[in-house]
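**Q** This is the structure, below, for whatever I ask next.
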Amino acid sequence: MNPRDLPAALPGAAASSFPALAQTVHGQRLVYLDGAASTLTPRCVIEAIAHYQSFDHANVHRGVHALAERATTRFEDAREAVRAFVHASATREIIFTRGATEALNLAAIGLGAGLRPGDEVIVTALEHHANLVPWQMACARSGARLRFIPVRDDGLLAVEAFEALLGPRSRVLALTQVSNVLGTVVDLAALLARARAAGLVTVVDGAQAVAHAEVDVQALGCDFYAFSAHKMYGPTGIGVLYGRESVLERIPPLFGGGDMIETVTLESATYAPLPARLEAGTPNISGAVGLHAAIAFLESFDRARLLQAEHQLLAAMERGLSALPGVRVLAAGTPKQGALSFVVDGVHAHDVGTVLDRRGIAVRVGHHCAMPVMRRFGVPATVRASLSVHNTLEDVQALLDGVRETCERLR
Ligand code: PLP
């Protein structure tokens with residue numbers, strides 16, 4: 001590889017923080033390029049969860065004993081850490097969910113309750129199924145109509161088409177920040193500003209963004225922002241729905257039960273204020289503690305430098321792949337964040353993934369829960385390589401060598 005390809009600051013310095021990277025896979029050094037599916041867990045997150053579970057665990061919000069108070073403090077401290085992480089104005093605006101999928105469903109069901117026949121929900125043709133199917137369901141329930149901002153060949157949205165879609169019945173704009181297939185970045189600022197001016201409620205799927213660029217929901221001006229902890233070095237089973245308080249207040253509770261009520265009679269109940277109103281039942285307390293530790297881990301880096309280094313590493317990966325005969329990177333040449341997808345002429349993505357796995361290289365293959373994007377680009381499946389803070393130029397080189405071998409063996 002040409003030395004000019006070398007990133008200014010390789011983020012791989014963090015590799016020793018990940019116990020999983022100390023192992024070999026099929027006798028080879030593990031090269032983990034699948035953080036977009038789920039990031040590896042750093043030691044500090046594992047230890048924070050183990051410590052909480054060993055010494056602090058009790059139920060939250062309902063006990064007076066020492067452990068119950070400690071657990072409640074740790075849970076609510078995590079909420080405050082999330083608030084600061086996304087720059088929300090109040091912890092009331094942070095709802096813990098099981099992940100981005102549940103967060104987006106909560107938004108779609110909540111907003112869907114206010115939709116009327118003939119209303120319109122606008123999504124993009126770039127969405128993960130988690131930000132598409134819930135809106136299809138909300139439209140089916142309410143009689144509203146789903147409309148789509150198309151994707152251009154370069155992987156960006158046809159922004160002018162949004163203008164044409166806007167009408168008197170437009171109610172919601174739901175869109176991703178970063179494509180989980182292509183890695184292309186949506187120009188949120190322009191779209192959100194236009195949607196806001198037209199009176200739409202806006203929902204952003206930040207699942208592929210939070211581990212890479214800093215997020216400021218107030219600067220973005222979105223009404224909802226959803227993400228999962230496990231794609232940003234935290235545990236599975238916990239995620240977040242940020243909601244602007246005035247919009248969140250209009251959402252009816254999805255679930256009833258403990259913690260979300262104020263008073264209950266046999267016939268009826270009144271609900272607790274936010275955020276408890278939308279968090280029925282015992283929450284994922286250790287998950288919240290793990291998410292808190294993951295935020296601290298991410299913030300231990302110079303985020304701007306990290307982002308720059310990741311960009312350079314991804315650009316080196318794209319250049320190297322594009323130079324291999326028979327390899328095509330989707331949305332080639334368009335700036336990307338964290339991930340890219342490619343196909344190898346005449347070789348199924350699963351076969352590429354299998355050869356790479358034998359070399360200890362973990363990538364994601366398939367439709368990436370975004371079948372409409374596959375259809376748009378005329379491919380049944382792609383290979384997706386994605387970057388985490390531990391990746392280095394050596395990892396990129398290992399991928400390039402592996403793909404070259406795949407081409408030689410299988411084409
Ligand atoms: N949105 C995007 C863009 C994603 O990439 C994913 C997961 O891959 C999700 C939503 C769903 O996340 P989860 O499965 O953690 O709920």
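Read the figures in this text as sums done on the coordinates, not as results from a lab. Predicted model only: the values in this text are computed from it and were never measured. For neighbour counting, all protein chains shown are included, and Cβ atoms are generated from backbone atoms with ideal geometry for every residue, glycine included.
**Q** Please check: in the Gaussian network model of the chain (C-alpha springs, under 10 Å), which one of ASP345, ASP223, ASP395 has the largest mean-square fluctuation.
**A** Answer for the Gaussian network model of the chain: ASP345.
**Q** For the chain, set up a Gaussian network in which alpha carbons nearer than 10 Å are linked by springs, and say which option among ARG79, ARG62, ARG196 fluctuates the most.
**A** Ranking ARG79, ARG62, ARG196 by mean-square fluctuation puts ARG62 first.
**Q** Can you give the helix-only mean residue ellipticity at 222 nm for the chain, where every DSSP H stretch with n ≥ 4 adds -39500 (n - 2.57) and the sum goes over all residues, rounded to the nearest 500 deg cm²/dmol?
**A** -11000 deg cm²/dmol
**Q** Let me ask something else. Could you please report the charge total around SER228, scoring K, R as +1 and D, E as -1 over all other residues with beta-carbon less than 11 angstrom from its beta-carbon? Please report the intermediate quantities before stating the final value.
**A** Details: positive: ARG98, LYS231; negative: GLU102, ASP205.
Its environment carries a net charge of 0.
**Q** Return an integer: the convex hull volume of the alpha-carbon atoms of the stretch 353-411, in Å³ per residue.
**A** 98
**Q** Which FRET efficiency, nearest 0.05, do ALA158 and MET137 yield, Cβ-Cβ r, R0 22 Å?
**A** On the way: r = 25 Å, r/R0 = 1.16.
Working from the Cβ atoms, E equals 0.30.
**Q** With r as the distance between the Cβ atoms of SER246 and THR73 and R0 = 30 Å, compute the FRET efficiency 1/(1 + (r/R0)^6) and round to 0.05. Intermediate results must be reported in sequence, preceding the final value.
**A** Working: r = 28 Å, r/R0 = 0.95.
Computed FRET efficiency for THR73 and SER246 comes out at 0.60.
**Q** Additional query: With springs connecting C-alpha atoms under 10 Å apart, model the chain as a Gaussian network and identify which of LEU254, LEU200, LEU157 has the largest mean-square fluctuation.
**A** The residue with the greatest mean-square fluctuation here is LEU254.
**Q** Might you report the magnitude of the Cβ-based charge dipole of the stretch 46-299 about its Cα centre, with Lys and Arg at +1 and Asp and Glu at -1, to the nearest 20 debye?
**A** So the magnitude is around 580 debye.
**Q** 7 Å from Cα along Cα→Cβ at both LEU165 and GLN53: what's the point-to-point distance in nm?
**A** With each label placed 7 Å out from Cα toward Cβ, I get 4.2 nm.
**Q** Just to be sure I understand: of the beta bridges DSSP finds with both ends in the chain, what percent are antiparallel, rounded to 5?
**A** Roughly 60 percent of the beta bridges in the chain run antiparallel, per DSSP.
**Q** Taking GluC sites (Glu not before Pro) as candidate sites, keep only those in a DSSP loop with at most 13 other Cβ atoms within 10 Å, then name the longest stretch of the chain containing none of them.
**A** Here the longest segment lacking exposed loop sites spans 1-248.
**Q** Pull out a ≥ b ≥ c, the square roots of the eigenvalues of the alpha-carbon gyration tensor of the stretch 312-411, then state rounded if a/c is under 1.5, prolate if not and a/b is larger than b/c, and oblate in the remaining case.
**A** Numbers: a/c = 1.41, a/b = 1.09, b/c = 1.29.
Cα axes put the stretch 312-411 in the rounded bin.
**Q** Using the Cα centre of the stretch 293-411 as origin and beta-carbon charges of +1 (Lys, Arg) and -1 (Asp, Glu), tell me which of ALA332, SER386, GLY320 is placed farthest towards the positive end of the dipole.
**A** Positive-end residue among those listed: ALA332.
**Q** Something else: Given Cβ point charges of +1 (Lys, Arg) and -1 (Asp, Glu) and nothing else, what value in debye, to the nearest 20, does the dipole of the stretch 174-254 about its Cα centre take?
**A** In total the dipole reaches around 140 debye.
**Q** What does the charge dipole of the stretch 287-334 about its Cα centre add up to, to the nearest 20 debye, if the Cβ of each Lys and Arg holds +1 and the Cβ of each Asp and Glu holds -1?
**A** Computed charge dipole of the stretch 287-334: roughly 160 debye.
**Q** Picking from SER286, SER142, GLY257, whose Cα lies most toward the positive end of the charge dipole for the stretch 46-299 (charges on Cβ: Lys, Arg +1; Asp, Glu -1)?
**A** SER142
**Q** With N set to the residue count of the chain, report its C-alpha Rg divided by 2.2 N^0.38 Å to two decimal places.
**A** Ratio of Rg to 2.2 N^0.38 Å for the chain: 1.01.
**Q** Under the 0.36 nm per residue contour assumption, what length would be gained going from the current alpha-carbon distance of ARG145 and ARG62 to full extension?
**A** Values: separation 83, 0.36 × 83 = 29.88 nm, distance 4.31 nm.
Length difference between fully extended and current span is 25.6 nm.
**Q** Which FRET efficiency value, to the nearest 0.05, do you get for GLU262 and SER89 by plugging their Cβ-Cβ distance into 1/(1 + (r/R0)^6) with R0 = 22 Å?
**A** 0.40
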